[in-house]
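None of the figures in this text is laboratory data; all of them are computed from the coordinates on show. Nothing here was measured: the structure is a model prediction, and the numbers come from that model. Cβ placement follows ideal geometry from the backbone for every residue including glycine, while neighbour counts extend to all protein chains displayed.
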Amino acid sequence: MQYRHLGRSGLRVSTLSLGSWVTYHNQVDAAQAVEMLAAAYDAGVNFFDNAEAYALGKSEEIMGAALRKLGWPRLNYIVSTKFFWGLDRSVPAERAVNRRDTLNRKYLMQAIDGSLARFGLEHIDLVYCHRPDPATPIEETVRAMNDMIVAGKALYWGTSEWPAEAIHAAWHAADRHGWHKPLMEQPQYHLFHRKRVEEEYALLYRDLGLGLTTWSPLASGLLSGKYRAGIPNDSRGAMENMAFLREGLTNPERNAAVGLLAPIAADLGGSLAQLAIAWAARNPNVSTVITGASNVVQVQANLGAMELVAKLTPEVLARIDAATLTLAD
Ligand SMILES: NC(=O)c1ccc[n+]([C@@H]2O[C@H](COP(=O)([O-])OP(=O)(O)OC[C@H]3O[C@@H](n4cnc5c(N)ncnc54)[C@H](OP(=O)(O)O)[C@@H]3O)[C@@H](O)[C@H]2O)c1
């Protein structure tokens with residue numbers, strides 16, 4: 001494993017990390033979570049990603065229980081969560097004090113307490129605003145995130161899928177008021193989804209010291225090659241609550257492009273999944289690539305991607321681009 005600073009901070013994150021979206025509670029129980037977290041940690045992974053919304057809080061509970069079982073020193077691992085959609089469904093959205101999708105102060109200050117309770121932790125290392133909320137003044141959100149940190153409930157904060165100009169506005173609001181600034185963004189980044197990371201955010205790395213914790217390096221599994229002959233029964237694409245992904249996962253042009261990547265991966269001595277993960281990790285603006293896995297075999301196989309990063313020479317990258325660039329957004 002290699003380690004990189006999370007943006008312009010002193011915190012070192014493992015170049016590959018592990019997330020729990022879709023998997024925890026739906027595919028992975030607490031015992032399997034222990035096994036998967038242990039396999040990742042043994043390979044040098046120090047960052048485990050989560051969110052309030054994942055399995056409506058159950059994902060945080062499972063990770064918290066697994067961490068208690070594993071008993072690692074708290075200094076040696078980084079845990080995240082993210083806030084935006086909320087969990088309370090007891091009143092209709094139009095009546096709710098907190099609209100379902102909000103970054104207002106009332107929601108955020110309650111959300112952090114809920115996450116701490118579900119994890120059973122005294123603080124969460126990284127907290128994210130899971131999506132932008134144009135309906136809440138930026139100062140209100142930034143101050144609430146600052147206050148979580150001042151209260152010792154969180155250590156660093158950032159954004160996920162925010163437009164560059166909103167990140168810029170948040171950073172400058174914090175700068176003006178002497179509040180903790182957003183340190184990292186969590187964007188989607190893979191061979192078929194590049195522009196935001198490579199173009200839209202380009203100045204933020206240099207000007208704001210923004211770090212990136214990128215998600216879905218396999219485009220939900222598409223880049224592993226498993227959807228080239230249809231949807232396997234035991235895959236994410238077959239899950240009822242993931243039906244919205246099916247059209248993308250079975251896209252014929254993208255699956256044909258994945259076929260073109262197969263000999264490139266073979267030439268480098270790796271798998272398609274390892275090639276795709278290594279490709280995301282080769283970008284120096286990426287602090288960590290958050291991988292996903294539904295079992296421990298995938299965890300171990302995907303971490304092998306580190307061995308391919310140094311093999312991605314300009315010539316190899318040009319071959320990869322020739323197969324995928326025109327299909328990327
Ligand atoms: N901030 C955000 O809005 C956001 C959004 C999405 C994700 N995330 C974070 O990013 C993490 C990673 O995202 P992701 O899970 O979408 O990552 P991904 O790497 O694109 O997809 C992971 C899925 O692909 C399949 N897979 C993984 N390795 C494989 C292999 N070697 N061979 C075949 N299939 C393989 C597994 O699903 P099956 O085995 O079930 O097919 C696995 O759950 C999430 O857990 C979450 O923490 C954040």
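Evaluated over the chain, the count of Lys pairs having alpha-carbon atoms less than 19 Å apart is 7 (only pairs 8 or more residues apart or interchain). If I build a Gaussian network model for the chain, linking alpha-carbon pairs within less than 10 angstrom, which residue out of 222, 87, 303 has the largest mean-square fluctuation? Checking each option, the largest mean-square fluctuation is seen for 87. With K and R counted +1 and D and E -1, the other residues having a Cβ less than 12 Å from that of residue 222 yield a net charge of +3. How far is helix 105-119 tilted, in degrees, relative to the longest principal axis of the Cα atoms in the chain, given as a value from 0 to 90 rounded to the nearest 10? Long axis of 105-119 versus the principal axis of the chain: about 60 degrees. Comparing 231, 112, 290 in a Gaussian network model of the chain (Cα springs below 10 Å), the most mobile by mean-square fluctuation is 231.
Between 233, 251, 50, which gets the highest mean-square fluctuation from a Gaussian network model of the chain, Cα cutoff 10 Å? Of 233, 251, 50, the Gaussian network model singles out 233 as fluctuating most. Angle check, please: helix 252-268 long axis (alpha carbons) against the longest principal axis of the chain (alpha carbons), in degrees 0 to 90, nearest 10. Roughly 70 degrees between the two axes.
May I ask for the Rg/Rh ratio of segment 282-329, computed from Cα atoms with Rh as the Kirkwood radius, given to two decimals? Please report the intermediate quantities before stating the final value.
Details: Rg = 13.1 Å, Rh = 12.8 Å.
With Rg and the Kirkwood Rh in hand, the quotient comes to 1.02.
Measuring how big segment 67-117 is from its alpha-carbon positions, Rg and Dmax come out at 14.7, 44 Å. Reported value for segment 160-250: 110 Å³ per residue, from the convex hull of its C-alpha atoms.
Angle of helix 138-150 to the longest C-alpha principal axis of the chain, folded into 0 to 90 degrees and rounded to 10: 90°.
Tell me, what does the Kirkwood hydrodynamic radius of segment 1-137 come to in angstroms if you use every pair of distinct C-alpha atoms? Please list the in-between numbers first.
On the way: mean 1/r = 0.0633 Å⁻¹.
About 15.8 Å for segment 1-137.
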